[in-house]
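Below is one structure, written out as structure tokens; comments come after it.
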């Protein structure tokens, strides 16, 4: 069957005209619609006007830096996918960008072909349906996850999750009591066969801040030393009962 969906729209944001031109050229040849911006304010204006599916975003920009642009693009957990371009020595900025909701990053100098492949992978994750059948609802403990609406609740409280955080929580909820390493989570949740394992660490920490009663002493997403992480709604529920002085 022929794919009749329209090509994805990509905004390339870089103040280096050579880098922007090369990246835009590769993306055009890959079949994407491409727009360009050379500074942070122009990037936000073009994103608001053109509603891109993905933004290739350099961190070092005039007017507004890439981190602030990323924060504004992903405010409220929505907005386009974001792939950051970072220099080798910008590890702290890279981690902060992931915390702000960026989907991936590529370190300069980079292969344009690799960048296109990473963009394709991010776009697939953004458009692919979440695995699972039935009503689309996953109920575990006091969590309720709606696949189709991509909404999550703990009790009556709606959780404000980024797309990547939602995917991680959905995966955990579908595999309660199982321990997973960071490499395995990276591969099974986001389809990456390579990448910085700190991506997983950052998103587990962010998820804990939103789902745990006490993120400093997590019960729902616990650390399994030497392995990785385990989702344990039974332990979290038992801890909540104990904290409240026993079951009603």
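The numbers here are math on the coordinates, done by the rules we state, and not lab data. Keep in mind that what you see is a predicted model, and the values were worked out from it rather than measured. Cβ sites come from the backbone with ideal geometry, for glycine too, and all protein chains shown count toward neighbours.
Here are the numbers for this structure:
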quantity	calculated
Expected-Rg normalisation [2.2 N^0.38 Å, Cα atoms] applied to the range 137-243	1.01
For the range 14-61: relative contact order, % (alpha-carbon pairs under 8 angstrom, 6 or more apart)	42
Burial ranking of peptide ranges 198-204, 104-110 (average Cβ count within 10 Å, highest at the top)	198-204, 104-110
Volume of the Cα convex hull of the range 9-127, divided per residue and given in Å³	89
